[in-house]
Amino acid sequence: MDRPMKAPTCPPGIHNASLATAFGIYNAVIQATTEYWTGVISRGATPIEVGLDVLDWYSTMNKLDRPTWATPYVVTKEWPIARLLDFSDAKTDGESAGQVPTLILPPQAGHDSCIVDFAPNQSQIQTAKDAGLQRIYSFDWLGATQETKNATIEDYLAVIAEAVDELGGRVNIVGDCQGGWLGVIYAALHPDDVHTLTIAGAPVDFHAGGAVIHEWTDVLSPAPNDLAFYRTLVQANNGTLPGEYQLAGFITMQPEVEVDRQLQLLVHLHEREHVERYRLFETWFKHTQPIAGAFYLWIVEHLFQNNELVEGTLTIDGQVVNLKNVSCPLYLLAGSVDHITPGPQVFALADYASTAPEEITQVTAPGGHLGLFMGRESLMAYWAPLFAAIAARPA
């Protein structure tokens with residue numbers, strides 16, 4: 001007798017995360033409701049004032065501007081897919097002229113690159129300058145258009161190569177999230193170009209750490225090399241992946257965080273500093289840009305699905321990306337509660353690179369994924385000494 005087919009089950013990680021999410025949303029609603037009505041009673045607000053609060057709350061949630069960079073810069077080079085921004089000090093003599101330039105690769109996840117220069121007191125750029133790095137450059141990744149929707153990994157690596165050549169042929173690379181694994185690939189292909197390599201919240205072993213995002217990839221792609229779901233998304237949007245889809249994915253992974261942030265806005269609606277912080281973050285977080293479809297599909301297949309970077313099977317332009325070629329000093333930074341890129345995914349680079357153990361710095365900062373890049377505590381307590389160590393290295 002044939003056995004009855006078993007109904008598909010939810011992977012344990014997703015199931016557990018769903019339970020935690022439901023509990024988190026419940027707590028957020030109860031806490032915010034209690035706090036808001038306590039405030040209403042303490043200030044003696046009338047029903048009309050409560051109604052005005054709701055209108056103001058709704059208006060603030062839906063008022064979004066375009067995000068901007070906090071530090072002045074000069075555009076030194078442009079490509080269809082990116083701009084190279086120069087944040088260097090005006091002086092070029094003395095010690096700063098002899099420094100190896102630092103090139104920052106921001107994330108490419110459907111958001112603006114200015115996350116690395118989020119605000120005057122929340123800026124990797126400014127933290128690096130304060131720590132003694134004077135020659136600082138950053139990519140500004142441009143949203144995909146119909147002209148650039150077929151951009152490939154080779155196109156992005158070529159842009160980095162041109163930028164490195166523009167900066168003198170040798171750089172300190174600092175890569176956040178997607179910018180991190182992109183920097184790792186570049187360093188493996190062009191080891192002589194990289195003086196030091198820093199990656200933060202950047203997956204190298206995409207299957208390590210029990211990340212829920214990996215389990216979701218397995219659910220959406222049940223068969224090896226199954227890209228049907230992802231191809232459908234790209235085809236339905238004329239060859240690009242809308243940034244709104246990436247945003248929805250981030251929110252879906254931790255919806256309780258989104259619910260809490262919106263409800264806390266209502267609670268603190270009459271506190272100017274809280275509202276300003278809220279608007280600043282929402283302006284960046286909710287402003288999205290599309291990703292080139294060809295590039296996105298390559299990422300899903302070769303990195304998220306097949307984990308080829310650590311499997312040793314990743315080939316670009318006929319050249320194998322061998323992580324053993326990476327021998328420069330490494331600075332690896334992870335968030336203690338990063339649900340997108342768990343620490344083991346970042347620290348895996350230490351196991352595959354040829355860098356001597358004494359030249360590898362591994363740091364776990366408290367907080368999650370975005371806080372790792374823009375949080376005040378992370379920048380001051382962890383990024384500042386890391387940048388100072390890079391600045392102290394001889395050219």
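Under a point spin-label approximation (7 Å from Cα along Cα-to-Cβ), what is the R170-T38 distance to one decimal in nm?
Going by the 7 Å Cα→Cβ label model, 5.9 nm.
What ranking of C328, C177 emerges when the number of other C-beta atoms within 10 Å of each C-beta is taken as an exposure proxy, fewest first?
Result, fewest neighbours first: C328, C177.
Mind listing which trypsin sites (Lys or Arg not before Pro) in segment 19-93 are in a DSSP loop and have 13 or fewer other Cβ atoms within 10 Å?
R43, K63, K91
So between K324 and T252, what do we pick up on full extension, going 0.36 nm a residue minus the alpha carbon distance?
22.3 nm
Full-extension gain between V50 and E358, please, as 0.36 nm times their residue separation minus the C-alpha to C-alpha distance.
Contour length minus Cα-Cα distance gives 104.9 nm.
Per the helix-only calculation at 222 nm, which mean residue ellipticity applies to the chain, given -39500 (n - 2.57) for every DSSP H run of n ≥ 4 and division by its residues, nearest 500 deg cm²/dmol? Walk me through the numbers before you get to the answer.
Details: 17 runs with 173 residues, N = 395.
That calculation yields -13000 deg cm²/dmol at 222 nm.
How far apart, in nm, are two points set 7 Å out from the Cα along the Cα-to-Cβ line at Y26 and at V74?
5.9
Less than 19 Å from a label point 7 Å out along the Cα-to-Cβ axis of E273: which backbone N atoms in segment 101-132 qualify, by residue?
Correct set: 119-123.
With a ≥ b ≥ c taken as the square roots of the eigenvalues of the C-alpha gyration tensor of the chain, please select rounded if a/c is under 1.5 and otherwise prolate if a/b is larger than b/c or oblate if it is not?
Oblate.
Ranked by Cβ crowding within 10 angstrom, fewest neighbours first, how are L280, L314, L309 ordered?
L280, L314, L309
Below 8 Å between Cα atoms, with a sequence gap of 6+, how large is the relative contact order for segment 290-395 in percent?
Reported relative contact order: 21 percent.
What nm value, rounded to one decimal, do you get for the distance between D351 and A161 when each label is placed 7 Å out toward the C-beta?
3.1
If Lys and Arg each add +1 and Asp and Glu each add -1, what is the summed charge of the other residues whose beta carbon sits under 13 Å from the beta carbon of L303?
Net of charged neighbours comes to -4.
Alpha carbon centre of segment 293-323 versus segment 233-289: separation in Å?
First find each Cα centre; the distance between them is then 30 Å.
Using the Cα gyration tensor of segment 337-395, with a ≥ b ≥ c the square roots of its eigenvalues, what is the shape: rounded (a/c below 1.5), prolate (a/b larger than b/c) or oblate (neither)?
oblate
Bear in mind these aren't lab numbers, they're just calculated from the coordinates by the rules spelled out. Everything numeric here is computed off the predicted structure, so don't read it as measured data. Neighbour counts are summed over all protein chains in view; Cβ atoms, including those assigned to glycine, are modelled from backbone coordinates with ideal geometry.
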